[in-house]
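Structure record follows, encoded as structure tokens.
The values are calculated or read from the model by the stated rules, or taken from the named source; none is laboratory data. This structure is a prediction, so every number in the text was calculated from the model and none was measured. Cβ: placed from backbone, ideal geometry, glycine included. Neighbour counts: every protein chain shown.
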Amino acid sequence: MEHLGILSVIIPLFIIVMAIITKDVVVSLISGIFLGELVIHHFHPFEALLAMLDGFVGLFAEGWITKTVLFALLVGAIIKLIEEAGGVRGFITYLDKKQKNIDSPKGALMLAYILGVIIFIESSITALVAGTVAKPLCDKNGVSREKLAFVCDSTSAPICSLIPFNAWGALLLGLIVTAIDSQVISGEGIALLMESILFNFYSIITVLLVLAVILFNINIGSMADAKPHPVEMPQTPTENSYKSPLLMILPILLLIGLVPLALYYTGDGDILKGSGSTSVFYAVVGTLLFIYIYYVGSRQMQHTVYFRSLYAGISDMIPIALILLLAFLIGNVIKELGTANYLAELMQGNISPILLPLLVFLVASLTSFSTGTSWGTFSIMMPIALALAATFDLYIPLMIGAVISGGIFGDHVSLISDTTIISSMASGCNHIEHVRTQMPYALIAAGLASLLYLIMGWVMQ
């Protein structure tokens, strides 16, 4: 097996250490890519720099990569357009008028839970909408904001990873397809991603655990000491408060519906053989066209405001698009370094392949916890996990699920995670208190997930 020895392991470790120190995934990935090219090109800095730049530009030669990046950018545009048109506010106002039907502690949390499940396009908007909508009802019914933040946080990233018709799915699909195109693994990208959902144990357990907490009022650790917030008088409604909830509902439903239709079309009648990158690209373009006709045609938004919002939404997603591109590039570099081959040689006869799914989950968890980002963790761990799966003939969807679960668990309990911060903000509770009260539930879910990865590593061997 070809590899560059211990240097092939130092590069991924360097990225993890850099991410811990800088708390910046982009800087860490760029540094790791350059160091990797430096090793590959025999420590000639100029050649390494040129190779890194050429590799970055060369990514756009792949149609699926370009479509995936465009998808991520245009999803940001859709979110921004819905917000600017008053769709989110209209949805909140509509639910507010229906509060009499769910006016109880359990009903208030169930509202946040249901919103977290059905709004799976983007984790941040999920937490924002669920927290903002349910907060007044939770205050009224004596539900602590810490518990609301827990529900919002636990139905954002976990749901987005379980229903991957969003930017999460685009990133994960891109990482899987990179390994397929590089002949590290074989199979259909979309099929492997969909199968891996069954092995995303942390997310599945977390979503079920949150439901049980709501239905049976389970308070563990410091959550039992969390106090409800005093009831506050509602703010004076603004004009945007009376916008139709359809401004939000219809575009999201169309976006969700177009993805399987496009998969069917690109797969010549077989959804599992459809092109994931092409399908999500078609879906967002179709949704943006619909939004223009709907919003501008019904005078909910002016032509100039539409395009101003579209550009602003694209701008918001540029950091995510950059992470996508760097994730694809680091995958190519790690392949050239032969990292997985070297690790396979080290573990041959020393570490049982049965333990690999569990070890991947734990390492991904530590990386995500330290950096506060699941996406950065995916980009670091997925190429290695897929190569190890191929080398040891492990079930590929199981290894994919272990990476995703680890990335989400670490992100879930990290103080610097964006979704954790947004969940605290949307729910109106102290950030540190949110992390402290959520931690016991997350550790329970992670413990159960670890046990399942150990069992499945043995069963799938």
Count, please, the residues in the range 129-169 that happen to be outside any helix (DSSP H, G or I) and among the hydrophobic types (A, V, I, L, M, F, W, C).
3
Check A167, A149, A127 and return the single one that is of a type in the set (G, A, S), surrounded by 20 or more Cβ atoms within 10 Å (Cβ to Cβ) and at pLDDT below 80.
A167
Looking only at the range 334-374, count every residue that is among the β-branched types (V, I, T), surrounded by 20 or more Cβ atoms within 10 Å (Cβ to Cβ) and modelled with pLDDT under 85 and tell me the total.
5
Mind checking which residues of the range 364-381 are touching a Leu at 6+ places or on another chain (Cβ under 8 Å) and in a loop (DSSP other than H, G, I, E, B)?
G372
Examine the range 111-128 for a residue that is closer than 17 Å to G401 by Cβ, outside any helix (DSSP H, G or I) and in contact (Cβ under 8 Å) with a residue 40 or more places away in the chain, and state whether such a residue exists.
no
Show the residue pairs that are 6+ apart or on different chains and have beta-carbon atoms under 6 Å apart, the first residue being within the range 296-317 and in a helix (DSSP H, G or I), the second being exposed (fewer than 13 other Cβ atoms within 10 Å of the Cβ) and not β-branched (V, I, T).
V296/H303
Index of the failed condition, T155 passing every other in (1) modelled with pLDDT of 85 or more; (2) surrounded by fewer than 19 Cβ atoms within 10 Å (Cβ to Cβ); (3) of a type in the set (V, I, T)
(2)
Counting only residues that are over 20 Å from K106 (Cβ atoms) and either in a loop (DSSP other than H, G, I, E, B) or in contact with a Gly (Cβ under 8 Å, 6 or more places away or on another chain) (or both), the range 186-227 contains a total of 13
Going by the conditions given, is L254 buried (at least 16 other Cβ atoms within 10 Å of the Cβ) and either at pLDDT 90 or above or touching a strand residue (DSSP E or B) at 6+ places or on another chain (Cβ under 8 Å) (or both)?
no
Test: V69 is in a helix (DSSP H, G or I), under 26 Å from the mean Cα position of the chain (by Cα) and surrounded by fewer than 18 Cβ atoms within 10 Å (Cβ to Cβ)
no
Screening I197, I204, I214, I190 for residues that are surrounded by 19 or more Cβ atoms within 10 Å (Cβ to Cβ), within 18 Å of A402 (Cβ to Cβ) and among the β-branched types (V, I, T) leaves only I204
Could you run through the range 430-444 and say how many residues are without any contact (Cβ under 8 Å) to a residue 40 or more places away in the chain and β-branched (V, I, T)?
2
Would you be able to say whether some residue in the range 385-407 is surrounded by 24 or more Cβ atoms within 10 Å (Cβ to Cβ), in a helix (DSSP H, G or I), among the polar types (S, T, N, Q) and over 17 Å from the mean Cα position of the chain (by Cα)?
no
Just to be sure I understand the filter: pairs with C-beta atoms under 8 Å, separated by 6 or more residues or on different chains, first member in the range 31-54 and among the hydroxyl-bearing types (S, T, Y), second member in a helix (DSSP H, G or I). Which pairs pass?
S31/F14; S31/I15; S31/M18
Suppose the filter is of a type outside the set (D, E), at pLDDT below 85, out of contact with any Phe, Trp or Tyr (no Cβ under 7 Å at 6 or more places or on another chain) and over 22 Å from A283 (Cα atoms); does L109 pass it?
no
Please find, within the range 375-424, the residue that is modelled with the lowest pLDDT out of those that are under 21 Å from N332 (Cβ atoms) and among the small types (G, A, S).
G376
